[in-house]
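The next block holds one structure in the form of structure tokens; read it before the comments.
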Amino acid sequence: MDTVNTDGRERLKFFGRVTASATHDLKNVLAIVNENAGLLEDLCLLAERGQLTPDRLTHASGRIREQVNRGNGIIRRLNDFAHTPDVDETNVDLAEAALLAAGLSARFAQLRETSIETDTASTATVRGSKFEVVRLACGLLEIAADAAKTAGPVSIRSTAAPTALEIAAPEGVSFDGSALAPLAESAGASLDSSAPHHVAIVFGDA
Amino acid sequence: MSEKVLLIDDEPEFLESMGERLKLRDMDVDSSTNISEALDKLAAEQFDAIFLDLQMPGTNGIESLKMIKKLYPDLQVILLTGHASVEKGIEAMKLGAMDFIEKPADINVLSEKVKKAQAKKMILVEKATEERISSIITGKSW
């Protein structure tokens, strides 16, 4: 019973972390939209005095459009993530899971002065819980980002042979993902570390 | 006299647009996207107020506030944050922040805070000058 409660708490904590990070990002988007909308008002006042060049208007409205796109991306990812626990078992596309995990962990990485690169040219489908696969990938990305800091970007790659998600820190940086081995097992996978800066989530059945 | 403000935030688009709006309000604005660059600017120039983002890459906003207040106790620091919890607000005020504001913020409120910061700074400078003069007068054997 305790294990069940602990697992449930950990899942809830993960959901909370992801939501907090995404909503914080959205507040930043809104702050930039707010400043640029305000700037357009300021520029209208300048226009009344004949002190306005049109390029300033174009620049401010362009920044608003960029932030709308950014905000849309954050909400789309958050919505995809919110639907991951809808079914306990489904076909999980590893490339999609990698992109979602990278997007959800981007702010975490940014706060540690690093970034996340993705390579989803090769992919496979596994049967399982998309929520658990994404949680595991995010967990490993966070450990790798914590270790990498300013050494360079971390990466996540989906591969078909073996059926896996590979997480890597820059060479020379080592990280230990073994604490997430039980989570990998519950997601129907195992963790394989071929080098100190590299951990693969290897799935048993394709 | 125009107010001199330093904006510290890791979002360049935010710095650019907010900076432009404060400049349109006749303020002298500089900005930094990271704390080490901001510390260099604080060492080189005097500012009436700084706006500091609470969550910046590689640093904790509260730790940055502590560092800045230790180096420049009279500097007026206004914290800007995406999520203003009561606990963080109290902690920041205890550490000497002048104010704690949640994003998105109203430019008129921010401008008012800068004017208050400049007035506070002037009072502190005058007080320090008076104390220096008093110490010279009382310490001198006429």
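The values are calculated or read from the model by the stated rules, or taken from the named source; none is laboratory data. Every value quoted in this text rests on a predicted model; they were computed, and no experiment measured them. Please note: Cβ atoms are built from the backbone with ideal geometry, for glycine as well, and neighbour counts cover all protein chains shown. Surface areas here come from the heavy atoms of the whole protein model, side chains and all, with no ligands, DNA or RNA. Shrake-Rupley method; radii C 1.70, N 1.55, O 1.52, S 1.80 Å.
What the table below lists for this structure:
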item	result
Residue check for residue A:127: in a helix (DSSP H, G or I) and either surrounded by fewer than 17 Cβ atoms within 10 Å (Cβ to Cβ) or within 12 Å of the chain's Cα centre (by Cα) (or both)	no
Search result, residues across segment A:130-178 that are open to solvent by 50 Å² or more (accessible area, probe 1.4 Å), outside any helix (DSSP H, G or I) and either more than 14 Å from every other protein chain (Cβ to nearest Cβ) or of a type in the set (Ser, Thr, Tyr) (or both)	A:157, A:161, A:162, A:171, A:172, A:174, A:176
Any hit, segment A:72-86, residues being surrounded by 14 or more Cβ atoms within 10 Å (Cβ to Cβ) and within 13 Å of another protein chain (Cβ to nearest Cβ)	yes
Residue in segment B:84-101 that is part of a helix (DSSP H, G or I), out of contact with any Pro (no Cβ under 6 Å at 6 or more places or on another chain) and open to solvent by less than 30 Å² (accessible area, probe 1.4 Å) present	yes
Contacts under 6 angstrom Cβ, first residue in segment B:1-12 being farther than 20 Å from residue B:40 by Cβ and more than 10 Å from every other protein chain (Cβ to nearest Cβ), partner at pLDDT 95 or above and open to solvent by less than 20 Å² (accessible area, probe 1.4 Å), 6 or more apart	B:2/B:27; B:3/B:27
Residue in segment B:5-28 that is among the small types (Gly, Ala, Ser) and open to solvent by 10 Å² or more (accessible area, probe 1.4 Å) present	no
Matching residues, segment A:1-54, being open to solvent by 80 Å² or more (accessible area, probe 1.4 Å), more than 13 Å from every other protein chain (Cβ to nearest Cβ) and modelled with pLDDT under 90	A:1, A:2, A:3, A:4, A:48, A:54
